[in-house]
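Let me begin by presenting the structure, written as structure tokens, before commenting on it.
The values are calculated or read from the model by the stated rules, or taken from the named source; none is laboratory data. Please read these numbers as outputs of a predicted model, since none were measured by experiment. Heads up, the Cβs are rebuilt from the backbone with ideal geometry, glycines too, and the neighbour counts pull from every protein chain shown.
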């Protein structure tokens with residue numbers, strides 16, 4: 001089960017997630033072989049969780065096939081590693097999560113992602129004035145449907161928290177005993193750069209990546225025992241003060257080129273290696289994939305389902 005806040009840091013292994021794919025709405029990310037290689041390299045460097053995208057030009061069937069190919073190859077080499085995908089294209093929640101069942105049946109999906117309640121972000125014009133908006137699309141009703149799908153799949157959730165009200169959904173579900181065991185809270189802070197228009201400053205969602213902002217979230221989580229991690233959308237987490245602060249508070253880390261949005265010259269593997277070194281510098285061991293399952297209160301993988 002997740003450890004309590006009274007456990008010494010040296011007895012609290014850090015779970016590292018790598019978000020390996022650059023976000024590209026209408027262009028290929030990595031090809032499937034590139035995603036396999038990136039995943040294996042990150043796991044070898046110390047990541048226990050891999051978040052991956054797919055070629056968003058594909059229809060749902062082709063997207064699922066790509067995810068199955070990638071997942072099977074990674075699981076063959078690292079059966080205890082935990083994988084979870086992005087959402088599919090579509091107009092309603094049932095279309096966005098249509099891949100959950102086939103990926104779960106194949107044994108290549110370990111979390112169901114959910115972004116409860118949505119969030120807004122925008123761009124900045126050349127003078128620095130806000131313009132436009134991009135909306136993370138999940139309503140609370142959509143999130144509830146995703147929770148039901150997670151229960152059907154017998155999988156935990158990875159809850160994306162872009163704004164405090166996203167966390168309130170998770171806390172409400174936890175209060176009534178509805179969050180699946182092993183669910184993880186992902187605290188996403190807003191960087192200064194666009195995830196969509198790489199290299200341009202943006203007006204991102206979320207609190208800034210400061211220790212005070214992290215403390216506010218941690219105070220909301222106090223007493224729940226829910227495991228949580230930090231990530232920065234549109235900047236390099238490892239260049240911010242919240243990476244070390246999170247480790248000192250017992251949290252976990254999400255790194256990778258998706259989130260950094262071109263703000264770091266490091267590869268996915270190099271970011272994982274720096275995250276490992278940072279964890280060690282504050283006296284925390286890094287969880288292997290099987291240890292990470294234990295940290296989250298999940299059972300080890302004992303068999304693979306055939307796809």
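Observations on the model:
- Single residue of region 135-171 satisfying the filter (within 18 Å of residue 220 (Cβ to Cβ) and touching a residue at least 60 places away in the same chain (Cβ under 8 Å)) that is farthest from the chain's Cα centre (by Cα): 162
- If you go through region 157-192 and keep only what is over 30 Å from residue 130 (Cα atoms), out of contact with any helix residue (DSSP H, G or I) (no Cβ under 7 Å at 6 or more places or on another chain) and in a loop (DSSP other than H, G, I, E, B), you end up with 176, 177, 181, 182, 183.
- Single condition residue 37 does not satisfy, out of (1) over 23 Å from residue 157 (Cα atoms); (2) within 18 Å of the chain's Cα centre (by Cα): (2)
- No other residue among 77, 62 is in contact with a helix residue (DSSP H, G or I) (Cβ under 7 Å, 6 or more places away or on another chain) and surrounded by fewer than 21 Cβ atoms within 10 Å (Cβ to Cβ) apart from 77.
- Residue 98 vs. criteria assigned to a loop (DSSP other than H, G, I, E, B), farther than 23 Å from residue 293 by Cα and at pLDDT 95 or above: yes
- Hits in region 96-107 (condition: in contact with a helix residue (DSSP H, G or I) (Cβ under 7 Å, 6 or more places away or on another chain) and farther than 16 Å from residue 151 by Cα): 106
- Applying the criterion of at least 3 residues that are modelled with pLDDT of 95 or more, touching a strand residue (DSSP E or B) at 6+ places or on another chain (Cβ under 7 Å) and crowded, with 23+ Cβ neighbours inside 10 Å to the helices (runs of 4 or more DSSP H) found wholly in region 202-267 leaves 242-248.
- Of everything in region 172-194 that is under 25 Å from residue 109 (Cβ atoms), surrounded by fewer than 20 Cβ atoms within 10 Å (Cβ to Cβ) and in contact (Cβ under 8 Å) with a residue 40 or more places away in the chain, the residue that is nearest to the chain's Cα centre (by Cα) is 181.
- Boolean, residue 122 is surrounded by fewer than 19 Cβ atoms within 10 Å (Cβ to Cβ), touching a residue at least 60 places away in the same chain (Cβ under 8 Å), more than 17 Å from the chain's Cα centre (by Cα) and not in a loop (DSSP other than H, G, I, E, B): yes
- Evaluating residue 128 against the criteria (1) surrounded by 18 or more Cβ atoms within 10 Å (Cβ to Cβ); (2) at positive phi leaves one unmet condition, (1).
- Within region 173-184, the presence of at least one residue that is at positive phi and at pLDDT 95 or above is confirmed.
- Elements of type strands (runs of 3 or more DSSP E) in region 1-90, at least 2 residues being at pLDDT below 90: none
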